[in-house]
Amino acid sequence: MTRNSAKAPGKSRLVYGWILIVLGLAGGSFVSPGLAAEEAKVDNSKVHVMHVQGNVYMMVEPGMNNVTVQIGDQYIIVVDPGAEQYADELISKIKSLSNLPILFVVNTNADVDHSGGNARLSQAGWALPNAGNTGADPVVGLAVATKARLGSGSPILGHADTVFRTTSDKLASNSITYHDEGFKLFNGEAVVFYHMKAAHSSGDSMVYFRKSEVLSVGELFCTYSYPVIDTEHGGTVAGLINSLNDIIDLMVPKENEEGGTYVIPGHGHVSDRNDIVNYRDMLTIIRDRIQDMVRSGMKLDQIKAAKPSFDYDPLFGSSTGPMPADRFTEILYRELTNGKTIQRKK
């Protein structure tokens, strides 16, 4: 193609654009049919797909609620199947990526915006093979090891505290649980499930896809809010800081702390090691400020008035969102004054 011919389409588009502007100024209602169809398509899609890296995808539901999907050699793993109302579209998006079966539905925590799709995703998946047909397949061996009667559909996988809080009796009978020892699978890469003690809750997990270099961490990290601490179910800020330190230890950055291992948060954008370090530092600084105020004899109302998180509020929400600054300050104050802190792991 010559240089002159390359310019011709651009000129015609420019003339066409001016025609549209003139029509608009004249009060015309002309809309390109192709553009209208594309806008309708975007508006109707509530679940959006992003390839993170390797075998791992992030699917984003409204409200920046994230679902992690790993497409391995043998099957598909879904981590945190999201809200119930988006389950059918989520399944459709997964099927558009692969015709492999959904074999495990993982819950990193019991919150309904992470586990509401459990039943629908389990129904759409395949059950583990019968324990009697052991063979050499490690997945079949897993079914034997559980010594459980696993029903139809893919089993729910998670820490015992999470699974027992989030599943119905029917789903609980079709679940695989672990405790502090965590869990391991192989699906084209090593997939490791870590239990994170007393963080967002007592039953939090993070999932590490080792070859893809992606961590799915649920409510252990959010890019735009202070952490939601489920104090009724064993959550603590100290435990969350410990968990963030463990995440940082697992992550290996590329040049200038950019890229390398990526984290899929429960809510917000895909993050690198630097994002997690900054979030950990923010929590540590606010905790230490409140701890100093407590030691100086200040009461809760005085500490709230002093605004110990003031410089972080524009980033993580001063009065709105899932965890307002005052509420987060109160959680830290009660944790520090009641002695509910956890010692750092050795």
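The values are calculated or read from the model by the stated rules, or taken from the named source; none is laboratory data. The structure displayed is predicted, hence computed values, not measured ones. Using ideal geometry, Cβ is built from the backbone for each residue, glycine included, and neighbour counts are taken over all protein chains shown.
Scan region 63-86 for residues that are farther than 23 Å from Met206 by Cβ and in contact with a helix residue (DSSP H, G or I) (Cβ under 9 Å, 6 or more places away or on another chain) and jot them down.
The answer is Glu84, and nothing else.
For region 225-239, which positions are closer than 19 Å to Thr337 by Cβ, assigned to a helix (DSSP H, G or I) and touching a residue at least 12 places away in the same chain (Cβ under 8 Å)?
Selection gives Thr231, Val237, Ala238, Gly239.
If the Cβ limit is 7 Å and pairs must be 6+ apart or interchain, which residue in region 118-129 that is surrounded by fewer than 18 Cβ atoms within 10 Å (Cβ to Cβ) pairs with which residue that is assigned to a loop (DSSP other than H, G, I, E, B) and polar (S, T, N, Q)?
Listed by first residue and then by second, the contacts come to Trp126/Ser154; Ala127/Ser152; Ala127/Ser154.
Find the residue count for region 251-269, including only residues that are surrounded by fewer than 18 Cβ atoms within 10 Å (Cβ to Cβ) and among the aliphatic types (A, V, I, L, M). Steps first, please.
Step one: filter region 251-269 for residues surrounded by fewer than 18 Cβ atoms within 10 Å (Cβ to Cβ), giving 252-260, 269.
This time we only want the ones that are among the aliphatic types (A, V, I, L, M), so: 252.
Adding up the residues that qualify gives 1.
Okay, residues lined up against (1) farther than 23 Å from Asn187 by Cα; (2) modelled with pLDDT of 90 or more:
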{"site": "Gly28", "(1), (2)": "yes, no"}
{"site": "Leu35", "(1), (2)": "yes, no"}
{"site": "Val49", "(1), (2)": "no, yes"}
{"site": "Val56", "(1), (2)": "no, yes"}
{"site": "Glu61", "(1), (2)": "yes, yes"}
{"site": "Met64", "(1), (2)": "yes, no"}
{"site": "Tyr75", "(1), (2)": "no, yes"}
{"site": "Ile91", "(1), (2)": "no, yes"}
{"site": "Ser96", "(1), (2)": "no, yes"}
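Condition test on Leu315, is it in contact (Cβ under 8 Å) with a residue 60 or more places away in the chain and either closer than 24 Å to Ser243 by Cα or surrounded by fewer than 16 Cβ atoms within 10 Å (Cβ to Cβ) (or both)?
Numbers: in contact (Cβ under 8 Å) with a residue 60 or more places away in the chain: yes; either closer than 24 Å to Ser243 by Cα or surrounded by fewer than 16 Cβ atoms within 10 Å (Cβ to Cβ) (or both): yes.
Yes.
Kindly establish whether Tyr208 is hydroxyl-bearing (Ser, Thr, Tyr) and within 12 Å of Leu283 (Cβ to Cβ).
Details: hydroxyl-bearing (Ser, Thr, Tyr): yes; within 12 Å of Leu283 (Cβ to Cβ): no.
No.
Just checking, how many residues over region 258-277 are on the phi < 0 side of the Ramachandran plot and part of a loop (DSSP other than H, G, I, E, B)?
The number of residues fulfilling the criteria is 5.
Name the residue that is surrounded by the fewest Cβ atoms within 10 Å (Cβ to Cβ), counting only residues in region 171-209 that are touching a Leu at 6+ places or on another chain (Cβ under 9 Å) and in a loop (DSSP other than H, G, I, E, B).
Among those that are touching a Leu at 6+ places or on another chain (Cβ under 9 Å) and in a loop (DSSP other than H, G, I, E, B), it is Ser173.
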